[in-house]
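The values are calculated or read from the model by the stated rules, or taken from the named source; none is laboratory data. Keep in mind that what you see is a predicted model, and the values were worked out from it rather than measured. Cβ: placed from backbone, ideal geometry, glycine included. Neighbour counts: every protein chain shown. These accessible areas exclude ligands, DNA and RNA; they are computed on the full protein's heavy atoms, side chains included. Shrake-Rupley method; radii C 1.70, N 1.55, O 1.52, S 1.80 Å.
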Amino acid sequence: MRIEREQIKQHNQGLEAKHQRAFQFLKEDIAGIEEVVSKLEQFQIAIPSWALGTGGTRFGRFSGRGEPGTLEEKIEDVGLLHALNRSSGAISLHIPWDIPKDADKIKDLAASLDLKFDAVNSNTFQDQKDQELSYKHGSLHHVDPKVRKQAVDHNKEVIDHGIALGSKALTVWLADGSSFPGQLNFREAFQNTLESLKEIYAHLPEDWKLFVEYKAFEPFFYSMTIGDWGQSLLLASKLGPKAYTLVDLGHHLPNANIEQIVSLLLMEGKLGGFHFNDSKYADDDLTAGSIKPYQLFLIFNELVEGMDNRGMDHVTDLGWMIDASHNLKDPLVDLLQSVEAIMIAYAQALLVDRKALKEAQKNNDIVKAQNILQNAFRTDVRPIVAEARLRAGAALDPLQLFDELAVRKQLVKERGENSVATGL
């Protein structure tokens, strides 16, 4: 299924008068609104290939309908999202779940939908069919050098697939850890991981980045070998200038100050990118902005301030990607909601009066500083985000058009009731 420009145009005609009234109202009060719209129009958030099907829990998975059963269908689903919002112009593949059989054909399909390939992701957290050695007790940190070599070789293969597709980054997330005291030697596990990553790093092309992801707990509950941002930063610093820390918003202990972590990583020039989601307790993988929208705004507030301070390009200098699990909602609907929430938080952060905030901070004026941030957060920027979509040729209300076109019904008709997304 493809969404045609005429369908979007017809949808917008019915909503444009109301939208223009809301946008003009904001335009009268917000200085520099055109610059904000321009930045929103350019901003892109990558969609992970594994998020296009129904997720699951440790207790079960309830498959959806019309799920993408092939890599081609996953790319087509991202094409649908991008047609609706013009802010989802990249797909991030997970290998070996989504190995392209013909890279050139896959690239052509993506290009026809105006999509690029974001970071490629390796998988050493599960055993694959016909895999010689098991990752039950870890991969890059494993006590057996043969297991480590197998994991290193897999990551090199993932890089090779990424090169063929035009990707420019590798994300490494490890399930390596322990659940019982004495199960492993912490220092040796970390050193094994570092030596393994050095081999992977050496395989990177010159214009690539290596993103080192961390997670506080799960699947192991006593220790994780890359358990927090400090351990990731330590690895990235030891590896070299192409290695960076990747922040997943769900990979922290409760109440962690993620915005402070982001600020310091930016200061060190070692923030590589984001996996956006939301959580109430831990790695809940919920829709971005659905639980803690103010936290998402505060994170973007630090991102905008820190990136501008370093002269960074908002669009290209960090990796922006969603990482969520859709157990209850239609995955495409959930992803549309996440992209919208991210765009809203980014727009609100762009409205912060940096000069006034800096002055308030210098004067220890806590009340004024708080009000500056909260006034930006409480501004309803949805008309600004919608205006950026309108100018980019997307739908004023992507969710409404998704329903009007009965997208899921059409996908079920094309793929059948029982198609299941690969890799999950």
Find the accessible area per residue for the chain; the probe is 1.4 Å, ligands and nucleic acids are left out, and the unit is Å².
46 Å²
Under a 1.4 angstrom probe, counting protein chains only, how are LEU411, LEU233 ranked by accessible area, largest first?
LEU233, LEU411
Excluding ligands, DNA and RNA, the carbon-plus-sulfur percentage of the accessible area of the range 218-359 with a 1.4 Å probe reads 53 percent
Which ³J(HN,Hα) values in Hz, rounded to whole numbers, follow from the phi angles of the range 145-162 under the Karplus curve 6.51 cos²θ - 1.76 cosθ + 1.60, where θ = phi - 60° and Gly and Pro get x?
x, 5, 5, 4, 4, 4, 5, 4, 4, 4, 5, 5, 5, 4, 4, 4, 4, x
Have a look at SER237, SER87, SER325 and tell me which one the Gaussian network model of the chain (Cα, springs below 10 Å) gives the largest fluctuation.
SER237
Would you please give the FRET efficiency between PHE125 and LYS358, computed as 1/(1 + (r/R0)^6) with r the Cβ-Cβ distance and R0 = 56 Å, to the nearest 0.05?
0.80
Quick one: grab the alpha carbon gyration tensor of the chain, order the square roots of its eigenvalues as a ≥ b ≥ c, and give me rounded if a/c is under 1.5, else prolate or oblate depending on whether a/b is larger than b/c.
oblate
C-alpha center-to-center spacing [the range 242-313, the range 1-20] in angstrom:
33 Å
Taking 7 Å along the Cα-to-C-beta vector as the label spot, tell me the ASN309-GLN10 distance in nanometres, rounded to one decimal.
5.1 nm
Per 0.36 nm of contour for each residue apart, how much would the distance between ALA392 and LYS329 grow if the chain were fully extended, relative to their Cα-Cα spacing?
20.0 nm
Can you flag which of LYS107/LYS156; LYS107/LYS409; LYS74/LYS292 are past 23 Å Cα-Cα?
LYS107/LYS409; LYS74/LYS292
If each K or R counts +1 and each D or E counts -1, the residues other than GLN150 whose Cβ falls under 15 Å of its Cβ total -3
Rounded to the nearest 500, what is the chain's calculated 222 nm mean residue ellipticity when only DSSP H runs of at least 4 contribute -39500 (n - 2.57) each, over all residues?
-15500 deg cm²/dmol
At a Cα cut-off below 23 Å, give the lysines reachable from LYS27, other chains included and same-chain residues fewer than 8 away excluded.
LYS18, LYS39, LYS355
Expected output is a single nm value to one decimal: the length gained when fully extending between GLN374 and GLU417, i.e. 0.36 nm times separation in residues minus the C-alpha distance. What is it?
10.9 nm
